[in-house]
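The values are calculated or read from the model by the stated rules, or taken from the named source; none is laboratory data. No experiment lies behind these values; they were computed from the predicted model shown. When we count neighbours, we look across all protein chains shown, and the Cβ atoms used for this are built from the backbone with ideal geometry, even at glycine. Side chains included, ligands, DNA and RNA excluded: accessible areas come from the protein's heavy atoms. Shrake-Rupley method; radii C 1.70, N 1.55, O 1.52, S 1.80 Å.
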Amino acid sequence: QILLFDKPLDWTSFQLVNKVRWLIKRNFRIKKIKVGHAGTLDPLASGLLILCTGKSTKLIESLQGQEKEYTGTFTLGATTPSYDMETEVDREFPIDHITSEDILNATKAFSGDIQQQPPVFSALKKDGKRLYEYARSGEEVHIPTRT
């Protein structure tokens, strides 16, 4: 089956996979079942996490290639080192001069194909280790841009 979950905050994608695997084994008395996810979400992100079970795990790669849409909430005038809620606000700036038009114009830079510098606080892997692990341990790491 393909299962859709709203991954809760503070859960890793792997924790949700393990929970579902355990529930399937227990409730259906199955000794071995494949369960995988079609894309990792950061532990501090909530949202759609697609899980595939059994023979549906063969569809994971095609599901990962589908078009995605990301939504969220942001705060103007404040930054954190991690760019999210994991770390405390470290700098604040005045926002009185920012208009709705300024915000709409700024969104144009995020349309179409763009080169993104992934934040060091992300679930991407480098040398077999998640980037957020490097960040949390204070290690510097070079992250190439990606489309």
| field | By accessible area with a 1.4 Å probe, ligands and nucleic acids excluded, highest first: order of 22, 11 | value | 22, 11
| remark: Ranked by GNM mean-square fluctuation in the chain (Cα springs under 10 Å), the top entry among 48, 131, 23 is 23
| Cβ-Cβ FRET estimate between residue 59 and residue 91, R0 fixed at 30 Å, reported to 0.05 | 0.10
| field | Rounded to the nearest 10 Å², the accessible area of residue 145 at probe 1.4 Å | value | 80 Å²
| request: Could you order 134, 70 so the one with the most accessible surface comes first? Probe is 1.4 Å. | output: 70, 134
| Say we join alpha carbon atoms closer than 10 Å with springs in a Gaussian network model of the chain; which of 119, 94, 43 then has the biggest fluctuation? | 94
| field | Nearest-ten-degree value, helix 13-28 long axis tilted from longest Cα axis of the chain | value | 20 degrees
| query | Which translational diffusion coefficient, to the nearest whole µm²/s, is obtained for the range 13-68 from the Stokes-Einstein equation, given a Kirkwood hydrodynamic radius over C-alpha pairs, 25 °C and 0.890 mPa s? | reply | 204 µm²/s
| task | Post the alpha-carbon centroid distance, the range 80-103 to the range 13-43, in whole angstrom. | result | 37 Å
| request: Could you check how many percent of all C-alpha pairs in the range 18-105 are farther apart than 22 Å? | output: 54 percent
| note | For residue 130, the accessible surface traced by a 1.4 Å probe with all protein chains present amounts, in square angstrom to the nearest 10, to 60 Å²
| field | Square roots of 5 times each gyration tensor eigenvalue, C-alpha, the range 96-147, largest first, Å | value | 30, 15, 7
| query | How far, in nm, would the chain grow between residue 2 and residue 30 when pulled straight, counting 0.36 nm per residue and subtracting the alpha carbon separation? | reply | 8.3 nm
| note | Cβ-Cβ cut-off under 15 Å around residue 8, Lys and Arg +1, Asp and Glu -1: the net charge is -1
| task | Leaving ligands, DNA and RNA out of it, work out the accessible area of residue 125 with a 1.4 Å probe and give it in Å² to the nearest 10. | result | 130 Å²
| Taking GluC sites (Glu not before Pro) that fall in a DSSP loop and have at most 16 other Cβ atoms within 10 Å as cut points, what is the longest piece of the chain between them? | 1-66
| task | Measure up 31/126; 34/108; 19/58; 34/129; 19/125 against 31 Å on the Cα-Cα distance and list the ones that go over. | result | 31/126; 34/108
